[in-house]
1. Ranked highest first by the average count of other Cβ atoms within 10 Å around their residues, in what order do 69-77, 6-14 fall?
2. Modelled label-to-label distance, R4 and A181, 7 Å Cα→beta-carbon offset: nm?
3. If I model a spin label at T200 and D62 as a point 7 Å from the Cα along the Cα→Cβ vector, what separation in nanometres do I get?
4. Using only the Cα atoms of region 1-59, build the gyration tensor, take square roots of its eigenvalues as a ≥ b ≥ c, and label the shape rounded, prolate or oblate: rounded if a/c is under 1.5, else prolate if a/b is larger than b/c, else oblate.
5. Which order do peptides 166-176, 108-118 fall in by mean Cβ count within 10 Å, highest first?
6. Ranking request for peptides 84-97, 31-44: highest mean number of other beta-carbon atoms within 10 Å first, then the rest in descending order.
7. Measuring from the lowest to the highest alpha carbon on each principal axis, how far does region 14-129 reach, largest first, in angstroms?
8. Using the Cα atoms of region 113-205, I'd like the radius of gyration and the largest Cα-Cα distance, Dmax, both in angstrom.
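What follows is calculated from the coordinates using simple rules that are stated; it is not laboratory data. These numbers come from a predicted model, not from an experiment. Cβ atoms come from the backbone with ideal geometry, glycine included; neighbour counts cover every protein chain shown.
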Amino acid sequence: LEKRRPDYRWLIIGPKRSGSSFHIDPNATHAWNAPLVGRKHWIFYPPGITPPGIYPSPSGDDVAMPISIGEWFLAYYAQHESQRRYHTDATQRPLECIAEPGDILFVPHGWWHAVLNIDDGPSIALTQNYVSESNLSDVLRFFEYKQSQISGCRDRKEDEAIQPEDVLEEFGNVLKEGRKAMWEHAVVEAKKGWKCCAWTDDVDDENNCCSDGGEEGENKKKRARNETDGGEEEGEVSNKKKRGKSVLDRARMPQLSFSSKQTEDGCGDNVAAETNVEVKKDEKQEGGGFCFSFAF
């Protein structure tokens, strides 16, 4: 069973200024993260509140972040700080903290988060994703309706890892054997809908087979999977309509550039300005330097 389950535990190692771009943890799971060496700068956005500069598709199948995590801090941190400090609705304010060795950080399911390693030398941490009673119903719903987003197993077929279409059944069988009451309660709750607003039924509503049985329920399942998998021409067309714009279309940004120039004291200075799309040597600066921009 351990060999077949999706990936869920990692040892993470990276240098200063490395980290993880904004994402929601896989398969509707919670997570914990324990730094062993080096401090980490964490930023969290509540479910349903997309961080600035992040462009998810309506279904959540893909996410466009057209700049690196370091560039995100340069381009969007001021906007983030304004929302964190002054947003009138406290439930929509992002959270921010520094985690250091000895801390254990809890990451709730459905929360956007990004991490930046801030200390010299390597940063090392242990992290694990898991399911508890509090998110079990959403995990079951995710396995049923978001099969295209199930991760941690697709690239391990040679290891006999469980595949997305079988996760719900096998996971359910294990739960029914060990924690039947919890399983039965979660199934009932899953039929009512998502507990966390990070996911929606934009595709699932008209094909919701959670509470239907018999032939009609099976037909709805087939239609839903055709749209998810693109297995039939009709499903492919419908899926494209549901997704809307492509990743690149969603990632179009205001004209923005970052320039690095040599100041009189010899220190580098980062400057943001509007400019055209270009990557070139900045001949106007006496000390040389470079300029690159993001504009579409």
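1. 69-77, 6-14
2. 2.7
3. The modelled label-to-label distance comes out at 2.0 nm.
4. oblate
5. In decreasing order of mean packing, 166-176, 108-118 become 108-118, 166-176.
6. Highest-to-lowest ranking by the protection proxy: 31-44, 84-97.
7. 36, 31, 28
8. Looking at region 113-205, its Cα Rg and Dmax stand at 16.4, 49 Å.
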